[in-house]
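The structure appears right after this line, and notes come after that.
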Amino acid sequence: MTTTSLAAASRHHILLPSRSSLRTPNRVRLCPAFPSILCASTSSASPQPTAGGEEDEAGHGGKLSKQSSWEATDGQGDDYLYRLGKEAENMNIAVGARSGVIDDLFVGKFLGRDSDIVFDYRQKATRKFEYLQGDYYIAPAFLDKVAIHIVKNYLANNLNIKIPLILGVWGGKGQGKTFQTELIFKAMGVEPVIMSAGELESERAGEPGRLIRDRYRTASQVVQNQGKMSCLMINDLDAGVGRFGNTQMTVNNQIVVGTLMNLADNPTRVSIGQKWRESDITHRVPIIATGNDFSTLYAPLIRDGRMEKFYWQPTREDIINIVHRMYTKDGLSSEEVSSIVDTFPNQALDFYGALRSRTYDQAILKWVNDIGGYEQLGEKLLKRKNREKLPTFIPPKPTLDALIESGDSLVAEQELIMNSKLSKEYMKNLED
């Protein structure tokens, strides 16, 4: 008897009998589910198939089982499981082995209820503003505009009017647009999903547009799953997609603008890549965008049906109340705050915050000298032992004279920048 190698046997589809099966003659046949695999069944282990059994196998057409859904088709004849995958809104593995999603037998308890231990951390996309501690002033006009916009969008199904989805808050730099909005969110119990202008561009085409849709759906899920009010907030929208002079437009700029326009027109049908389903309805949530100059945005995006514009320019009364709350712990009276505001008119709100910060400079310099000078900073600040405390820092008490002195130095720096214009000196050869 010649010896047949395993490779030769596999090429000629020859099934080598095992040592135990040499005693009983085998019947070699093709497996119905896998025609390329040979199956061997002994005459003693399984009965001979009847005529009805052969017809039944032929009727299956090579299917695994009558009850198997792996090869099931829908009404259009397409693969059923493939269609479910295309229609699923989840496009990642975040809902993999989660308790309640699959059988608890496969979830296990050795890593907790969920095998994806960072899933809960990744889902914290909203802000609660717990760091905003204190008694801050909210301008009534600002509060009314933001609150009305949020309420109108949540009552959109009950109001027989056209409601813009986007509220554009624009105005001068440093006027507290974002801070006032965050104070309103905390007062109303809104947990927004926040984006910045830096997320409106990417090295991959289409990524920012998909990110906006994904963040919008996240805000919608906060409403549906947690029963809390939410919205999508985009800071400095004009810095991300605005057109300034010879600014080069990119594909992502166009996609971002088109995505926002589509959300404004269809706020309840938002796709992140899956196939449309009639039952896939997204809860409508408002969008609030801040910026400095919305005239740089694409005109169809800021039309009245899509965006409601609100120009924020705080009045003198608003500035005095905001600054007075800022200096409450310093013991400054309302009259002293009014004197500071009148001394430095036409300044943004962040200017008055910089005044208070500048008064700390001398106290911090004294503290550095007390701990051993500049040479000891690294050792004292970073390399100190865990239980070793830093030397006590005594904050100064700002006075009216100290604040005005700090304001004069800030104004002098502003004027120096505007008058020097060193960029013209550096680029004078380019202007010729």
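General observations
- Among the residues of segment 263-278, the ones that are more than 16 Å from Ala219 (Cβ to Cβ) and modelled with pLDDT of 85 or more come to 1 in all.
- In segment 292-350, the residues that are free of Cβ contacts under 8 Å to residues at least 24 places away in the same chain and open to solvent by less than 30 Å² (accessible area, probe 1.4 Å): Ile320, Val337, Ser338
- Number of positions in segment 242-254 that are under 22 Å from Leu167 (Cβ atoms) and part of a helix (DSSP H, G or I): 1
- Of all residues in segment 395-432 being assigned to a loop (DSSP other than H, G, I, E, B) and exposed (fewer than 10 other Cβ atoms within 10 Å of the Cβ), the one that is modelled with the highest pLDDT: Lys421
- Evaluating Val270 against the criteria (1) closer than 23 Å to Val151 by Cβ; (2) free of Cβ contacts under 8 Å to residues at least 60 places away in the same chain; (3) surrounded by fewer than 16 Cβ atoms within 10 Å (Cβ to Cβ) leaves one unmet condition, (3).
- Residue in segment 314-329 that is under 24 Å from Ala197 (Cα atoms) and out of contact with any Leu (no Cβ under 8 Å at 6 or more places or on another chain) present: no
- Output for segment 161-196, where each listed residue is closer than 19 Å to Arg306 by Cβ and either crowded, with 18+ Cβ neighbours inside 10 Å or out of contact with any Gly (no Cβ under 9 Å at 6 or more places or on another chain) (or both): Ile161, Ile163, Pro164, Leu165, Ile166, Leu167, Gly168, Val169, Trp170, Met195
- Subset of segment 379-394 (residues that are modelled with pLDDT under 80 and either assigned to a loop (DSSP other than H, G, I, E, B) or open to solvent by less than 70 Å² (accessible area, probe 1.4 Å) (or both)): Lys380, Leu382, Lys383, Arg384, Lys385, Asn386, Arg387, Glu388, Lys389, Leu390, Pro391
- In segment 359-376, residue nearest to Gly171 (Cα to Cα) [restricted to those that are open to solvent by less than 70 Å² (accessible area, probe 1.4 Å), in contact (Cβ under 8 Å) with a residue 24 or more places away in the chain and out of contact with any Asp or Glu (no Cβ under 9 Å at 6 or more places or on another chain)]: Tyr360
The values are calculated or read from the model by the stated rules, or taken from the named source; none is laboratory data. This one's a predicted model, so the numbers in the text were calculated from it and none came from an experiment. Glycine also receives a Cβ, built like all others from the backbone with ideal geometry; neighbour counts cover every protein chain displayed. SASA here: full protein model, heavy atoms, side chains in, ligands and nucleic acids out. Shrake-Rupley method; radii C 1.70, N 1.55, O 1.52, S 1.80 Å.
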